[in-house]
1. Along region 59-70, what does the Karplus equation 6.51 cos²θ - 1.76 cosθ + 1.60 (θ = phi - 60°) give for ³J(HN,Hα), rounded to whole Hz, x for Gly and Pro?
2. If you wrap region 33-123's Cα atoms in a convex hull and average its projection over all directions, what's the area in nm²?
3. Heavy-atom accessible area per residue, the chain, 1.4 Å probe: how many Å²?
4. Using the charge dipole of region 114-251 (Lys, Arg: +1 at Cβ; Asp, Glu: -1 at Cβ; taken about the Cα centre), state which of Ser192, Gly241, Ile159 has its Cα farthest towards the positive end.
5. Bin width 5 Å, origin at 0, all Cα-Cα pairs of region 176-227: what percent of pairs per bin?
6. Treat the chain as a sphere of radius equal to its Kirkwood radius over Cα pairs and apply Stokes-Einstein at 10 °C in a medium of 1.306 mPa s; give the translational diffusion coefficient in µm²/s, rounded to a whole number.
7. Where the convex hull is taken over the Cα atoms of region 151-251, what is its projected area averaged over directions, in nm²?
8. Keeping all protein chains in the complex and leaving out DNA, RNA and ligands, what accessible area do you get for Met11 with a 1.4 Å probe, in Å² to the nearest 10?
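The values are calculated or read from the model by the stated rules, or taken from the named source; none is laboratory data. Since the structure is predicted, the reported quantities are computational estimates derived from the model, not experimental observations. All Cβ positions, even for glycine, are placed from backbone atoms using ideal geometry, and neighbour counts span all protein chains on display. All accessible areas refer to the heavy atoms of the entire protein, side chains included, with ligands and DNA or RNA removed. Shrake-Rupley method; radii C 1.70, N 1.55, O 1.52, S 1.80 Å.
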Amino acid sequence: MKIALIGYGKMGKMIEQIALSRGHEIVSIIDIDNQQDFESEAFASADVAIEFTAPQAAYGNYLKAFAKGVKVVSGSTGWMKEHGEEVKRMCSEGGQTLFWASNFSIGVAIFSAVNRYLANIMNGFPQYDVEIEETHHIHKLDHPSGTAITLAEEIVEKIDRKEQWTVGTVVNPDGTVSGSKEASDKALRIDSIRRDEVPGIHTVKYDSEADCITITHDAHSRKGFALGAVLAAEFTAQHQGLLTISDMFKF
């Protein structure tokens, strides 16, 4: 398979290594300093482009790839509120293909399935309140993480006593704390921590007067995310439309 990389940071470089090890060919690498390569024959020859960039750049990258008939796998977050409906239309009516996930880790996909199952059970036990905490490296600028938001939305969908998620406290890289742990009973609070070089830790906690039930996914490195992105590219090459992790893994 011919793969183009959009974004060549730490994640892009790891995706390149894994793609090559699985016998794929990297035909184009586009970063901030060679945007003109979107117009190249090499980019247009790609079966799939894997995109990991900044939230403000993602949507524009999709449009450039779609214009060349290139399918996209993307892990960029932050664009969906403004452009989500338009992207859905392009994939459902315009013949484009985007595989999007807030997290490509196979472990996170399994964790998400457990999260949905547990939330379904907990809907019947109102004595348990639920909250989420996510921890990431100091270079991550957005909060809460896209994965935490996805987990929260899954819980809100299953638990009748929660209507929405809300931002809680944020422990900043310098140790200062902003935000508040105060939240409506109907809101699921997400707390964020930014420290060191943590690849990603997500914890869902159900707490009651009697006891506490906690599930956690702790990533040891970015390798799991990168492998998942390549697996998604392999899947996307054979499928069309707006695709997600739930299409690839039938849990």
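1. 4, x, 5, 4, 4, 5, 5, 4, 4, 9, x, 9
2. Approximately 7.5 nm², given one-decimal rounding.
3. Heavy-atom SASA per residue in the chain reads 50 Å².
4. Gly241
5. It works out to 4, 13, 18, 21, 20, 13, 8, 3, 0, in whole percents.
6. In µm²/s, the coefficient is 83.
7. Details: hull surface 36.8 nm².
Its Cα hull, projected and averaged over all orientations, spans 9.2 nm².
8. Estimated to the nearest 10 Å², Met11 gives 30 Å².
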